[in-house]
1. Once amide H atoms are placed 1.01 Å from N in the peptide plane, what residues at a sequence separation of 5 or more from TYR42, or on another chain, have their amide H within under 5 Å of its amide H?
2. Going by how many other Cβ atoms sit within 10 Å of their own, how do TRP99, TRP26 line up, fewest first?
3. So, in Å, what gap is there between the alpha-carbon centers of the stretch 15-54 and the stretch 81-143?
4. Between GLU33 and ASN83, what FRET efficiency comes out of the Förster formula 1/(1 + (r/R0)^6) with R0 = 30 Å and r the beta carbon distance, rounded to 0.05?
5. Quickly rank 135-143, 39-47, 59-67 as a protection proxy: mean count of other C-beta atoms within 10 Å, highest first.
Amino acid sequence: MWPPVYAHHHSSRCRPPTKPLAPLQWTYEMRREMQEILPGLYLGPYSSASRNQLERLQQTGITHIVCVRRSVEAHLIRPNFPNQFQYLEVELAESPELWVLSHVPRVTAFLDDALCSGGRVLVHGNLGVSLSAALIVAYVMRRLSLNLSAASGVVTARRDCVRLSPDLVRQLHEYEPICRAEKAFLAGHGSSGRCRAKRTCDQLDDEPEPMDMTSA
């Protein structure tokens, strides 16, 4: 929910590893696998968390999984290993648009908790190219203090098949001033930053749940 989880979360006590990783030499077959975007943070398709991937997940050191899906996919995309990993399920209701930004604070808190505790997180949707990727881009924007273009570059350098729809790009552009305002507030630039952040968040919360027609 808006506004935040952020203000009282790990931001003041822990900075998860955020050094960008070197670009990967991409091949088409890699789209079926998960890739490490930031140290300890992975993005991939549902197949990377399917029932035959338990050993691979454990070998990689995955401890947490974010499962992103549309409501109509709930019977298909779901946690396969609830006893082995800590899950966060993100379900987007079908609507004229999928309002992804409303899930960013909860996902950010979950990722911070996992990474600050030394864990490793896999974020997956269906194909791992759209909705789940948008949540990763938002996290990179906030954690690395990057604009949308730069954050998208960090993600696509590691998972080149990411394709954000125009609607997701629009939403992430709206997230840029939220990140800037929050950064100013946390840096101690006065209460005005806090007010700007709250107003922006409230505006997002009041808007009708706006649809990315691409796969998660």
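1. ILE37, VAL121, LEU122, VAL123
2. TRP26, TRP99
3. 13
4. 0.80
5. Final packing ranking: 135-143, 39-47, 59-67.
Values in this text are rule-based calculations from the coordinates and carry no lab data. This one's a predicted model, so the numbers in the text were calculated from it and none came from an experiment. Cβ coordinates were reconstructed from backbone atoms using ideal geometry, including for glycine residues, and neighbour counts include every protein chain displayed.
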